[in-house]
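The block underneath contains the structure these notes are about, expressed in structure tokens.
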Amino acid sequence: MGQDYVDLMLLHHEDANDEDAYRAMEDAVAAGKIRCIGISNFYESGFARMLDMASIPPAVLQNETQPYFQERSVKEAIAGAGTVLESWFPLCGKADCRTLFADPVVAEVAGNHGVSPAQAVIRWHLQSGNVCIPGSSNPDHIREDADVFGFSLTADEMAAIDALDRNQRYASY
């Protein structure tokens, strides 16, 4: 990679050799090659298993998290370890974001603040304590997605988006 170190490395999913892979990442931290390590696509039991064997708790757990799939139980499970939830598919993914953006609750919250539905959802993530890094190759979308610090959602707006949780995932991990 041509770098002295990696800021954050994630183990992508549970596997028969995931504990060995995580230990290798811990060794790389000790060697100064990686600054932080985390896991992705692990749920309560897998997270607990990794935490039991780890000498370095995961800094990040990256899972699909969006208004229709909020991962509350996972978030509670990781909080005690100091692990932060990073939202994977924070806007439901490219193929499904239109459904989320057209949701009447999301549209109303966005309209209340004169922002796009994407901005309203990103703001909800941030106020919920999630790390939210939406992906885009469109420069206009990237600029828009970053412009979420000039407004805050009210407690009622947060509760309205929280109420959208229907345990509906858009990915298979």
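The values are calculated or read from the model by the stated rules, or taken from the named source; none is laboratory data. These numbers were taken from a predicted model, which means no experiment stands behind them. All Cβ positions, even for glycine, are placed from backbone atoms using ideal geometry, and neighbour counts span all protein chains on display. Protein only, heavy atoms only, side chains kept; ligands, DNA and RNA dropped before computing areas. Shrake-Rupley method; radii C 1.70, N 1.55, O 1.52, S 1.80 Å.
Could you grab me the full set of residues in the range 70-91 that are in contact with a helix residue (DSSP H, G or I) (Cβ under 8 Å, 6 or more places away or on another chain), in a loop (DSSP other than H, G, I, E, B) and small (Gly, Ala, Ser)? Matches in the range 70-91: Ala81 only.
Among Glu157, Glu76, Glu71, which is the only one that is more than 30 Å from Ile39 (Cβ to Cβ) and of a type in the set (Asp, Glu)? Matching residue, one of Glu157, Glu76, Glu71: Glu157. Taking the criterion of being without any contact (Cβ under 8 Å) to a residue 24 or more places away in the chain and either touching a helix residue (DSSP H, G or I) at 6+ places or on another chain (Cβ under 7 Å) or more than 13 Å from Tyr22 (Cβ to Cβ) (or both), the only residue of the range 37-69 that qualifies is Ser45. Summed over the range 55-74, residues that are within 23 Å of Glu26 (Cα to Cα), within 14 Å of the chain's Cα centre (by Cα) and open to solvent by 40 Å² or more (accessible area, probe 1.4 Å) total 0.
Being open to solvent by 10 Å² or more (accessible area, probe 1.4 Å), among the acidic types (Asp, Glu) and in contact (Cβ under 8 Å) with a residue 60 or more places away in the chain is the requirement here; does Asp145 meet it? Steps first, please.
On the way: open to solvent by 10 Å² or more (accessible area, probe 1.4 Å): yes; among the acidic types (Asp, Glu): yes; in contact (Cβ under 8 Å) with a residue 60 or more places away in the chain: no.
For Asp145, the condition - open to solvent by 10 Å² or more (accessible area, probe 1.4 Å), among the acidic types (Asp, Glu) and in contact (Cβ under 8 Å) with a residue 60 or more places away in the chain - is not met.
Screening the range 155-168 for residues that are farther than 12 Å from Val121 by Cα and in contact with a helix residue (DSSP H, G or I) (Cβ under 8 Å, 6 or more places away or on another chain) and picking the one that is least open to solvent (accessible area, probe 1.4 Å) gives Asp165. Looking only at residues in the range 96-110 that are closer than 10 Å to Val121 by Cβ and free of Cβ contacts under 8 Å to residues at least 24 places away in the same chain, the one that is surrounded by the fewest Cβ atoms within 10 Å (Cβ to Cβ) is Phe101.
Pick out the one residue from Gly129, Gly82, Gly93 that is out of contact with any Cys (no Cβ under 9 Å at 6 or more places or on another chain), over 23 Å from Arg35 (Cβ atoms), in contact (Cβ under 8 Å) with a residue 12 or more places away in the chain and open to solvent by less than 60 Å² (accessible area, probe 1.4 Å). Walk me through it before giving the result.
Numbers: Gly129 fails: over 23 Å from Arg35 (Cβ atoms); Gly82 fails: over 23 Å from Arg35 (Cβ atoms).
Step by step, each of Gly129, Gly82, Gly93 is checked, and only Gly93 is out of contact with any Cys (no Cβ under 9 Å at 6 or more places or on another chain), over 23 Å from Arg35 (Cβ atoms), in contact (Cβ under 8 Å) with a residue 12 or more places away in the chain and open to solvent by less than 60 Å² (accessible area, probe 1.4 Å).
Checked against (1) outside any helix (DSSP H, G or I); (2) open to solvent by 60 Å² or more (accessible area, probe 1.4 Å); (3) free of Cβ contacts under 8 Å to residues at least 60 places away in the same chain, His13 passes all but a single condition, namely (3).
Among residues of the range 150-173 that are free of Cβ contacts under 8 Å to residues at least 40 places away in the same chain, those with a Cβ under 7 angstrom from a residue that is assigned to a loop (DSSP other than H, G, I, E, B) and open to solvent by less than 70 Å² (accessible area, probe 1.4 Å), sequence gap 6+ or separate chain, pair up as Phe151/Val115.
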